[in-house]
């Protein structure tokens, strides 16, 4: 797992440039442009299971969903940040992208530190230190486990029809 580190106020244009809004609509079209202006190495280097650590107000800016669609499609395991923009947070739930607000862990992280996230115990471990975060609601975890709100809803509807 690789850890990608970014600062405060990383906005949606930094995550996915707005100039592609009307030309890239699928996850495969979005992925090559992720963070291209902020970190050109991200789109080529990010792999399933990688983690992002960022400062305050991650995902601020416009309400476009392409940044979240792309990060989820790459397979980012979680974004640990000081705080998240409200609209980005909601879009992340929809796509099954795990967001963890844990400012203490963000402050403690230094490049090269080992990082582990234990969702069940609500802990982020940086090196040898552990930091707690608020327990995530079971519904959000179920949506994440299903791969997003749409697959979660489809599975629930299918389950209801079979009863």
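The values are calculated or read from the model by the stated rules, or taken from the named source; none is laboratory data. Quick caveat: nothing in here was measured; it's all calculated off a predicted structure. No Cβ is skipped: glycine too gets one built from the backbone with ideal geometry, and neighbour counts run over all protein chains shown.
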Boolean, residue 37 is on the phi > 0 side of the Ramachandran plot and part of a loop (DSSP other than H, G, I, E, B)
no
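Quick one: in region 86-111, of everything that is closer than 21 Å to residue 18 by Cβ and surrounded by fewer than 21 Cβ atoms within 10 Å (Cβ to Cβ), which residue is nearest to the chain's Cα centre (by Cα)? Outline the logic, then answer.
Applying the first criterion (closer than 21 Å to residue 18 by Cβ) to region 86-111 yields 86-92, 94-95, 97.
Among the residues that remain, those that are also surrounded by fewer than 21 Cβ atoms within 10 Å (Cβ to Cβ) are: 86-87, 89-90, 94.
Working: 86: 13, 87: 13, 89: 9, 90: 11, 94: 11 Å.
It comes out as 89.
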From the option list 36, 29, single residue qualifying as out of contact with any strand residue (DSSP E or B) (no Cβ under 9 Å at 6 or more places or on another chain), surrounded by fewer than 16 Cβ atoms within 10 Å (Cβ to Cβ) and free of Cβ contacts under 8 Å to residues at least 24 places away in the same chain is 29
Which of the numbered conditions does residue 30 fail, given that it passes all the others? Conditions: (1) more than 14 Å from residue 81 (Cα to Cα); (2) part of a loop (DSSP other than H, G, I, E, B); (3) in contact with a helix residue (DSSP H, G or I) (Cβ under 9 Å, 6 or more places away or on another chain).
(2)
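Got a sec? Which of 118, 113 is farther than 18 Å from residue 46 by Cβ, modelled with pLDDT of 95 or more and touching a strand residue (DSSP E or B) at 6+ places or on another chain (Cβ under 6 Å)? It would help to see each step written out before you state the result.
On the way: 118 fails: touching a strand residue (DSSP E or B) at 6+ places or on another chain (Cβ under 6 Å).
None of the other options fit; the residue is 113.
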Given (1) in contact with a strand residue (DSSP E or B) (Cβ under 9 Å, 6 or more places away or on another chain); (2) under 17 Å from residue 117 (Cα atoms); (3) touching a residue at least 40 places away in the same chain (Cβ under 8 Å), number of the condition residue 81 does not satisfy:
(3)
Quick one: would you say residue 70 is modelled with pLDDT of 95 or more and under 28 Å from residue 130 (Cα atoms)?
no
Restricting attention to region 1-23, the residues that are at pLDDT 95 or above, assigned to a loop (DSSP other than H, G, I, E, B) and closer than 18 Å to residue 61 by Cβ number exactly 7
For residue 154, which of the numbered conditions (1) at pLDDT 95 or above; (2) in contact with a helix residue (DSSP H, G or I) (Cβ under 9 Å, 6 or more places away or on another chain) fails to hold?
(1)
